[in-house]
Amino acid sequence: MKALLPFLISMIAGANLTAQLYQTVQRPVPLLTEQTFYLNSQTRIGGKPRNAIKIELPDNAVQWSYAFTTSKKEGGGDNIKLLKQVTDFVAKGLLNSNVIGITTNLAYQVIKPTGAGVVDVYLTDAQGQEQFFATSWNRYSYTKPERTFDGSRENIRDGLVLVNDVKQRVVYLCFNNPSSTEGLYVTIEAIAMVTTQEYVDEWTPDNKDRFFNDCADALRFQPEAIREVCDCYKNRTIVRYKPAAWLQMGAQEQKLLQQGFIEECLSLTGWQEAKAKVRIKALTEEIRGLELVADYPALTRRYRELLELGEDNAALYYSLSRSLLLTKQPDEAKTVLTKALGKYPKETGLWLNLAHHHLLSGNEAGAIAIYQQYRGERVAKKYRWEEAVNEDFREMEAQGISHSAFANIRQILSR
C-alpha cells in the first residue's frame, strides 16, 4: 500500500501553490480626532456662534462619517471614541459584508453621548464655507451655504452621520448655534472607511479547491473514494497550516506532510486497502504510453513500482530487466534476473536478457552459449528468438549501447 503514496504525492504536486494572500479589505482611518469647540449664542457678545472644520478625504475612501454631541458646559460631554468603536466592529465582523464601508445599521450600533443643546451642521464645499462666514454690517449674509451636501443636519442634539458621496475630496462641516440666548459646546470626531490591499493569512476559496481537485485527480480511477478522502486531505492541510507557514516550507517538506495527510485520510475513511488496484491500473495505462515512446528510465521506475505493489509475473521481470539493460544498469539487471529465474526458470525472455547481461558484462562466451541454446524458441509468446535478439541489438544501438560481437552473433543466428 505504501507504494501508492509516491504516486499520489506526484499527482498533487500542483498543490505547492502560491496562495493569494493579499485581499481587498476595508478599514476605518481617522479624519478628525475628537475635539471640542464652543459656539456662542446668536446675541451674546464675545465669541462666535459659527465654526467650520475642513475635512480632507483620502483617495481610497469609500465612505466617511462623523459623530458629534453637544453640552451646555465645558467638559460636560462624554468621549465619543468613534474610531475605536468602528475598529472593534470591523475586527468582530459586525459590518454587513454586502455593503461597502460602514453599513446603515451601524448608526444604531455606535454608542454616542446624548446632547444637551441643538446645533445646525451643513456639509459644503470651499465656496459654501466662504458664504457661511460672509458678513455685512456685522450680520451674517447667509443663514446657511447655498450649496449643501447629503450629510447636513439642522436642529439636532447629537448624531452619527454617514456620508456615501466621496466625489468631493475636500469638504467643510459648518456648525451654527441657532439659539439666541444659550451657548453650547460641540464635541466631534470623524473617520473614513478606506479600501486597501492587506495581507490576510487565510486560504482563499480557490486554493482550498486546488487542494481538493489535485487529490481528486490522483484518485480519478477510484471516483467513489474522492469525496471522503479529498475532503479529509484538504481539511488536514488548511486547518493545520496557514498559507504563510505552508509557503515557507521546501517542496520536499510539503510532500512529506502531504504523504502523512493522505495516510491519515486513507485510514480514517476506510479506503486504505482499496488503492493498490487503482495504482496498478494507472501504472498499466502509463506503461503502455511509455513503451510507445521508448522512455526506458521512466519504464524502469514504473516496473519497479508494480513489483512493490505486489505484481509478480515472468512478463514483468522480463520487461524490468530489459529496461535496466537499456539504461546501462547491467548489475541491477542481473539482480532482477537471478530472482526471476529462480521463480520462472523456463521463461525464455529471462534467458534472453541474461544472455544480453553476459555480453555487456564481458562474458561473451557465456552469452553466445545462451544465444545458441534457445534458437528457434519463442520470446514472450510472440517473437521468434532470432527476431528478438536482432530487435534488442537494434534498440541497444539506438540507446548508445554497442558491442563488437553484435555482428558475429547475428551471423551465428542467421545460419
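The values are calculated or read from the model by the stated rules, or taken from the named source; none is laboratory data. Being a predicted model, the structure only gives us computed values, none of them experimental. Virtual Cβ from ideal backbone geometry, glycine too; neighbours counted across all protein chains shown.
Going by the conditions given, is Arg236 of a type in the set (Lys, Arg), farther than 29 Å from Tyr199 by Cβ and either at pLDDT 85 or above or surrounded by 17 or more Cβ atoms within 10 Å (Cβ to Cβ) (or both)?
So Arg236 fails the test.
Scanning the stretch 234-253 for residues that are more than 14 Å from the chain's Cα centre (by Cα) and either part of a loop (DSSP other than H, G, I, E, B) or touching a residue at least 40 places away in the same chain (Cβ under 8 Å) (or both) yields Met249, Gly250, Ala251. If you go through the stretch 108-128 and keep only what is part of a helix (DSSP H, G or I), touching a residue at least 40 places away in the same chain (Cβ under 8 Å) and surrounded by fewer than 20 Cβ atoms within 10 Å (Cβ to Cβ), you end up with just Ala126.
Please go through the stretch 289-300 and give me each residue that is surrounded by 14 or more Cβ atoms within 10 Å (Cβ to Cβ), in a helix (DSSP H, G or I) and not small (Gly, Ala, Ser), ordered by number.
Leu290, Glu291, Tyr296, Leu299, Thr300
Under 8 Å by Cβ, and 6 or more places apart or on different chains, what pairs join a residue from the stretch 199-223 that is more than 30 Å from Glu286 (Cα to Cα) and crowded, with 16+ Cβ neighbours inside 10 Å with one that is among the β-branched types (Val, Ile, Thr) and at pLDDT 80 or above? As it stands, the answer is Trp203/Ile238, since those pairs meet every condition given.
Quick check: anything in the stretch 179-188 assigned to a loop (DSSP other than H, G, I, E, B), among the charged types (D, E, K, R) and under 40 Å from the mean Cα position of the chain (by Cα)? No, the stretch 179-188 contains no residue that is assigned to a loop (DSSP other than H, G, I, E, B), among the charged types (D, E, K, R) and under 40 Å from the mean Cα position of the chain (by Cα). The condition (being free of Cβ contacts under 8 Å to residues at least 40 places away in the same chain and small (Gly, Ala, Ser)) is satisfied by just one residue among Ala405, Ala369, Ala380: Ala369. The residues on offer are Tyr233, Tyr140, and the sole one that is touching a helix residue (DSSP H, G or I) at 6+ places or on another chain (Cβ under 7 Å) and among the hydroxyl-bearing types (Ser, Thr, Tyr) is Tyr233. Of all residues in the stretch 138-178, which are farther than 26 Å from Ala61 by Cα and in a strand (DSSP E or B)? Those that are farther than 26 Å from Ala61 by Cα and in a strand (DSSP E or B): Arg139, Tyr140, Asn155, Ile156, Asn176. Candidates are the residues of the stretch 26-40 that are under 41 Å from the mean Cα position of the chain (by Cα) and among the polar types (S, T, N, Q); the one that is farthest from Lys54 (Cα to Cα) is Gln26.
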